[in-house]
Amino acid sequence: MATRYLGLLGGLLIAALTCAGSEARAVTLAPEVQACLECHREPSMELMLPSGESRSLYVDEEHFANSIHGDKLSCTDCHSDIEGYPHPERTFKNLREFTLGYYENCKGCHFDNYTKSLDSVHYAFLSKGDLKAPLCVDCHGAHDVTKPGVPKSQISKTCARCHAGVYQQYAQSVHGQALLHEKNGDVPVCTDCHRSHNIEDPRTVAFRLKSPEICARCHGDEKLMQKYNLSTGVLQSYLKDFHGMTASFYSKEKASPSALTAVCTDCHGVHDILSAKDPKSSVMQANLEKVCQKCHPGSTGSFPAAWLRHYEPTPEKAPLVYYVKLIYQIFIPFVVVGLMLQILLHIWRVVVSR
Amino acid sequence: MMQAAVFNHELQAGESKQKYYTRIHLLHRLVHGFLMTSFLGLAATGMPIKFNWAPWAVNIAHSVGGFGTILFFHKFFAVILTGCFAVHLGYLFRVGFMEGDRSIFYGPGSMVPRPKDLFDMFQHFRWFFGMGEQPRFDRFTYWEKFDYWAVFWGMGVIGGSGYMLWYSGFFARFVSGWVFNIALLIHSEEALLAVWFIFAVHFFNGHIRPDKFPMDLVIFTGRISEEELKEERPVEHERLIAENGLTAIQTDAPPLWMKNFGRLIGFSVVISGFTLFFLTIWAL
Amino acid sequence: MTHRKVGVFAASLLSIVLSHGAAFAEDVTNDTCLACHGAEDLTSAEGRVLYINSDAFTASVHSPLPCTSCHADIQVPHEEKPAPVAISTCAGCHGEAVAAYEKSVHGKAQANGANDAATCKNCHGSPHSIRKHTDPGSMVYSLNLPRACGACHGDPELAKRHGIPVVNAYQLYMDSIHGRALTGSGLLVAANCSSCHGFHDIQRRDNPDSKIFRTNVPSTCGSCHAGVQDLYFKGVHGEALNHGKKKAPVCIDCHTAHQIARVDTDPWKLRIISECGTCHEESLKTYRDTLHGQVTNLGFTPVARCSDCHGSHAVLPASNPDSSVSEQRVVATCQKCHADANANFAKFSPHADPADRERYPVLYYTAQFMTLLIIGTFAFFGLHTVLWLIRSLIEHRSGRSDRYFTGH
Amino acid sequence: MPSHLRVAGTEKSHTSFLVRFSLRQRLEHFSIMLLFTMLALTGLPQEFFEARWAQWLIPALGGIDRVRWVHRLCGILFTIGAVEHLGAVVFLVVTKRINLSMVPSKKDFRDAILTLRYYFGATEEEAQFDRFDYRQKFEYWGLIFGSVVMIVTGFILYFPALTARILPGDLIPAAKVAHASEGLLAFLIVIIWHVYNAHLNPDVFPFDTSIFTGRVSEERMLKEHPLELERLRPQRRQPHSAEAVANVPQKGTGSGPP
């Protein structure tokens, strides 16, 4: 566990250096902050905990000054239990408890986000007493809180501190590539799909069934998709198809459905999603068979062709479907009208001959 | 048309010259039908729960579609059975009190045991050992009466305890919780008794015993041939002649469809009944 | 923690080495060594590869060190077969780690001449390309550690040789909830081998100092699941453990050690019932007499299981007012499922035993009566039926009542 | 049990009825009636799943999965029925028990035209029909053709993976369209045409029971199937013996009540 802190501190150090290099915002710290720093600017200052772990009590002046709180808050706004020196006696079993001790402090100002976080899967674990569930400061930092999402890639990197595997996948995905290499701000980062504070458990069926709606937030957005000339019809064509129809009914059912049906992520992948043009993409014609087999064991050869790949049937694409449709569109009215006439004539004649 | 042909044939062959008398009225046949179906349903949904350790029980339970479904059907059939009981009581009340026909409470036409039944029984046993003639039965034999009262009592006990468990929350307002322990025990034990009795003894009387093998259709057709009446209910037969009530209840031979219908229902129920019987024995 | 110290330690040592480094530097520098060992095809007489990949080395955490800081005895030219670098050399910098290792099960095994017991290299890889444990390239990086351990502990043969009780720990772990979280979705905080077994100081589970010694298990799991740990020690099981009752169940008795599964799946919910039953045999038997027990036995879970009434981690005796089955709280417990339950309702005894005359007299006598009733009925009608069958068969044999046969 | 059966069973009828449909035919019709209803009930909401009524109906029927399950079950039963019918007809034709009274002939086209002219008042002469008139034949063959399409496409959709092994995959979406459209067509025909002829048609209003009782009165035969009645005259003079009845061709009408 301490290792994570080593990493963290390391990160901070680097950040510090860069900050020092760049123009440090000329923030004059409140006198009472200065007062605290009298002691706490001493780097070697640390607190030994019963667990044998040690907690550095050093506060980097630069960091705090440049943090978003630098010119707004003074120490005791968060450390509200401290009036002066000597500080009240406090006992923490271990490093984590120390951090947990300050968990509630953000609530004072950021009440909405705090309440949101109570619905999150992270809090669900925390409330069970799982010490490794992240707290505000684990993502936002403590004294060095900066505006979240600048740069946007920082968000993914923050999540990566725990979800390293997912991050590795994401970094390879079409979204991740665009974000990390093209610095593209349009692509989703973790929080766009999972949300930031009220992150829900993605293992639930409910979340599965929500994925079309999540993807459609961007892929249904005309303006955005034009930029990359992607079709916005994907959602509709999905919903009209067998899978989409099933999913939309499942999402209405109270009891969690007996079976599963394919949603966006089942074919396109979740974090490792690739451009459909990418030869490695799971939805590439060559790889499609494998994807289908995930749910349709023993489906082979031409089975993937059964899927119209989000296209409306046209004489060029899926002629067979198109013409069958056409024939019936003519045939049905013809028959129905014919029979109607026959009936009307019959009635008319019966009436006449009475 | 082929069916029709067979049908005509049978009509002409024999049966037409055979006289038939109404023994069981439609109402009772219907009640018996529903009773039979719901009882089987209750047994089929109840026994898997009682013998939950047996593999067949698990299979049945899962193939039916889960615990929710089992419970639903169990309650569903329970309601139907209760309905049958209510109808029967209603009938007794109407005939017995409204119409004032007390003969259903005593006398030969009644289900209420008489000393004769006791004698019949002894006589029957003596006949078993070849120590005498077969007893001469009246309208209802002693074992039929036993069947009847067994069901009647079972209906009260199983039904009562069943509803108590179904609406335990409601009953808990009046009785203490340990009563549910008793109810639970009685419900399952009495049910086992009923299931075994019906599927073993009752079915033997109706199907297996050589005189009736493969099946006694009277409960479905409601009609008994003169011959049978003479043979099996001599006392009633003579009584009817004496009261010359025979003509009043004379009727047509049971039509083929009716017999086939009876056979269809009868055999399917018997088969499933015996299956359940042996499964439960096996699971002991 | 130790890591941190080590870090500091290494740093200081490094500086020393660098300052004194000048001394050796005249005779043997890394370039001197790489002049020969930089050649990919350099092998010993027995064909052992002697090639040192300089890029890997520069990328490694040891890159600041000169070769001679470990291969101290080397002069140029050196003899055909220089003495192998002993573990004591590592101790030069990593004293604490080596000390811990030598006390550990691996260290002891090595000392007893089991040369297939793990040494530094087996877990950390070659010292020439070794990375920091926080570096995803490191063999002991959280996501890679199970593979490092699995190299030996996935091998049943080795387990047999050394009498290790769990023969395929690696495979089991990879399929457990922790293994899936770690390797499946790469969740760094998920427990890996070292989270429960420690690293340098791994001990056998029968060693009281071991993190997985029976009485230490709760605190080991508690290092992540602190909340559960607190609950556990509030309950009878935890208390019993504290009072030195060796048989008291600890985490792994219900959850298993390496095959820990999600607890919200039906198979687990059903298996755990018989798990309680291994100690509480009577209760399980009587539980099976009630609808709850019967339905779960059929394989359905919408009904109450042990934990639904007694709680899972903080199990308390009914005598304790805080217990979910105490007089004060039992009604509320029933109401979790039976919304209309009341005090009377709660008097239902889910573990009533019809054979126990003292505690449940009414039930006892009812049961007796029912049994008698059944036996009586079937004794009579069994006889009745059999006799009748025999008799009428005789009658038919003697052809006296053929006419009974349907009509003709 | 339907009361008319007991009547059939016991009393000897004096009104001159003709048996038009054998028990098998009546059972076939009855089962197809039930199955068709079930299939339509579970199928149409799947086709128009976006419509509000479907959004309400499917959950009301117990969720999409159960609806599909029922639909497939009925589909299988329907297939069995179809096979049975086919088998029976082939068998009866081979064994010369029936004449091919359902096969369209030139006469039917003449009848159709004649009837149309009659409707328009171009002629006062009404078409004279034999056992089946051209409307009935149209409906029968429509049903046969429709069933084939529905069964084939239905099974393609039921076992897409299997289909794809043998046939090109884009057959499956095509089958989906065909199944849906053909189903709709069949539904409309039944609703408009069959219901009119069997119920609303002034001649039979409110309800043509002959397919259930199997009998039709002599008067109606005279009006609707005079030619057939002609063919049967000689036979009808024969006594009501089982043999006589048995000899009568299956699809041809037998005489007298059974």
Checklist entry - Across 10 Å bins from 0, what is the distribution of all Cα-Cα pair distances for chain A, in whole percents? => result 4, 17, 23, 18, 13, 10, 6, 3, 2, 1, 1, 0
Item to check | Dipole magnitude (debye, nearest 20) for chain A, charges at Cβ of Lys, Arg, Asp, Glu | outcome: 2180
Next on the checklist: Which of A:Asp241, C:Asp322 has the fewest other C-beta atoms within 10 Å, and how do the rest follow up to the most?
Outcome noted: C:Asp322, A:Asp241
Checklist entry - What is the fewest-to-most order of D:His85, A:His122 by other Cβ atoms lying within 10 Å of their Cβ? => result D:His85, A:His122
Checklist outcome for this item: Here the range C:244-260 yields Karplus 3J(HN,Hα) values (6.51, -1.76, 1.60; θ = phi - 60°; whole Hz; Gly and Pro given as x) of x, 6, 5, 7, 4, x, 10, 2, 5, 5, 8, 8, 6, 8, 9, 10, 4
Checklist entry - For A:Ser56, which sequence-distant residues (separation of 5 or more, or a different chain) have an amide H within less than 5 Å of its own amide H, given hydrogens modelled in the peptide plane? => result A:Leu47
Checklist entry - Cβ under 9 Å from B:Val218's Cβ, B:Val218 left aside: what net charge do those residues give with Lys, Arg +1 and Asp, Glu -1? => result 0
Next on the checklist: Using a 10 angstrom Cβ neighbour count of at most 15 plus a DSSP loop assignment to flag exposed GluC sites (Glu not before Pro), which longest range of chain A is free of such sites?
Outcome noted: A:201-315
Checklist entry - Got the relative contact order for chain A handy, in percent, Cα pairs under 8 Å and 6 or more residues apart? => result 10
Item to check | Qualifying aspartates and glutamates (Cα of each under 20 Å from Cα of C:Lys234; at least 8 residues distant if same chain) | outcome: A:Glu97, A:Asp130, C:Asp253, C:Asp308, C:Asp322, C:Glu327
Next on the checklist: Considering only C-alpha atoms, what is the centroid distance from the range C:88-147 to the range A:194-250, in Å?
Outcome noted: 48
Checklist entry - What is the Cα centroid distance between the range B:39-81 and the range A:41-73, reported in whole angstrom? => result 67
Item to check | Options B:Phe213, B:Phe171, B:Thr280, ranked by Cα towards positive dipole end of the range B:156-284, top entry (Cβ charges) | outcome: B:Phe171
Checklist outcome for this item: Fraction of alpha-carbon pairs in the range A:314-354 farther than 16 Å apart, rounded to whole percent, equals 56
Checklist entry - Taking A:Lys240 as the anchor, which aspartates and glutamates have their alpha carbon closer than 15 Å to its alpha carbon, excluding any fewer than eight residues away along the same chain? => result A:Glu213, A:Glu312, D:Glu47, D:Glu50
Checklist outcome for this item: One finds, for C:Asp55 and C:Asn122 with R0 = 30 angstrom and r their Cβ-Cβ distance, a FRET efficiency to the nearest 0.05 of 0.80
Checklist entry - Given springs between every Cα pair under 10 Å in a Gaussian network model of chain C, which of C:Glu395, C:Glu80, C:Glu275 has the largest fluctuation? => result C:Glu395
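Filter the GluC sites (Glu not before Pro) in the range B:235-284 down to the DSSP loop ones having no more than 16 other Cβ atoms within 10 Å, then list what survives.
Working: sites: B:Glu236, B:Glu238, B:Glu243; in loops: B:Glu243.
Filter output for the range B:235-284: B:Glu243.
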Next on the checklist: Past 29 Å, Cα to Cα: identify those pairs from A:Lys280/C:Lys269; A:Lys147/A:Lys254; B:Lys75/C:Lys269; A:Lys116/C:Lys269; B:Lys50/B:Lys259; A:Lys183/A:Lys280, in the order given.
Outcome noted: A:Lys280/C:Lys269; A:Lys147/A:Lys254; A:Lys116/C:Lys269; B:Lys50/B:Lys259
Checklist entry - Top mean-square fluctuation among C:Thr215, C:Thr89, C:Thr119, Gaussian network model of chain C, C-alpha springs under 10 Å? => result C:Thr89
Checklist outcome for this item: Mean separation of Cα contacts under 8 Å (at least 6 apart) over the residue count of the range A:204-306, i.e. the relative contact order in percent, is 18
Item to check | Cα-based Kirkwood hydrodynamic radius, the range A:90-131, one decimal, Å | outcome: 11.3
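Taking the radius of gyration and the Kirkwood hydrodynamic radius from Cα positions alone, what is the Rg/Rh ratio for the range B:37-283, to two decimal places?
When Rh is taken as the Kirkwood radius, the ratio is 1.00.
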Checklist entry - What share of all Cα pairs of the protein assembly as shown, in percent, falls into each consecutive 10 Å distance bin? => result 1, 6, 10, 13, 14, 14, 12, 10, 7, 5, 4, 2, 0, 0, 0
Checklist entry - Given the C-alpha centroids of the range D:173-204 and the range A:279-306, what is the distance between them in whole angstrom? => result 38
Checklist entry - Can you list residues whose amide H is under 5 Å from A:Asp130's amide H, if they're 5+ apart or on another chain and H is modeled 1.01 Å from N? => result C:Gly227
Checklist entry - If amide H atoms are built 1.01 Å from N in the plane of the peptide, which residues on other chains or at least 5 residues away come under 5 Å of the amide H of C:Leu187? => result A:Gly165, C:Leu182
Item to check | Above-threshold pairs, the threshold being 30 Å between Cα atoms, out of A:Lys152/A:Lys227; C:Lys245/C:Lys347; A:Lys210/D:Lys176 | outcome: C:Lys245/C:Lys347
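Scan the range A:252-354 for chymotrypsin sites (Phe, Trp or Tyr not before Pro) in coil per DSSP, keeping those whose Cβ has at most 15 other Cβ atoms within 10 Å, and list them by number.
Those that pass, being in a loop and sparsely packed, are A:Tyr311.
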Next on the checklist: For B:His32, project a label point 7 Å along Cα to C-beta. Then give me every residue of the range B:239-279 with its amide nitrogen under 16 Å of that point.
Outcome noted: B:254-255, B:258-270
Checklist outcome for this item: Rg (one decimal) and Dmax (whole number) from the Cα set of chain C, in Å, equal 34.8, 128
Item to check | Selection of chymotrypsin sites (Phe, Trp or Tyr not before Pro), the range B:148-221, meeting DSSP coil and at most 15 other Cβ within 10 Å | outcome: B:Tyr167, B:Phe174
Item to check | Simple label model, 7 Å out from Cα along Cβ direction - C:Ala114 to B:Glu243, nm | outcome: 9.6
Checklist outcome for this item: Scoring the range B:37-283 by relative contact order with C-alpha pairs under 8 Å, at least six apart, yields a percentage of 19
Next on the checklist: Can you compute log10 of I(q)/I(0) for the range D:21-114 with the Debye formula, treating each Cα as one identical point scatterer, at q = 0.23, 0.24 Å⁻¹?
Outcome noted: -1.08, -1.13
Checklist entry - Looking only at A:Gln342, A:Gln329, A:Gln285, which one moves most when chain A is put into a Gaussian network model with springs between Cα atoms under 10 Å? => result A:Gln342
Next on the checklist: Order these by the 10 Å Cβ neighbour count, fewest first: C:Ser104, C:Ser44.
Outcome noted: C:Ser44, C:Ser104
Item to check | For the range A:162-269, Kirkwood radius (reciprocal of mean inverse C-alpha pair distance, Å) | outcome: 15.3
Checklist outcome for this item: In whole Å, largest first, the alpha carbons of the range C:361-404 cover along the principal axes 56, 13, 6
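Where a number appears in this text, it was derived from the coordinates with a stated rule and is not lab data. Because the structure is predicted, anything quoted here is derived from the model rather than measured. Note that we place each Cβ from the backbone using ideal geometry, even for glycine, and neighbour counts take in every protein chain shown.
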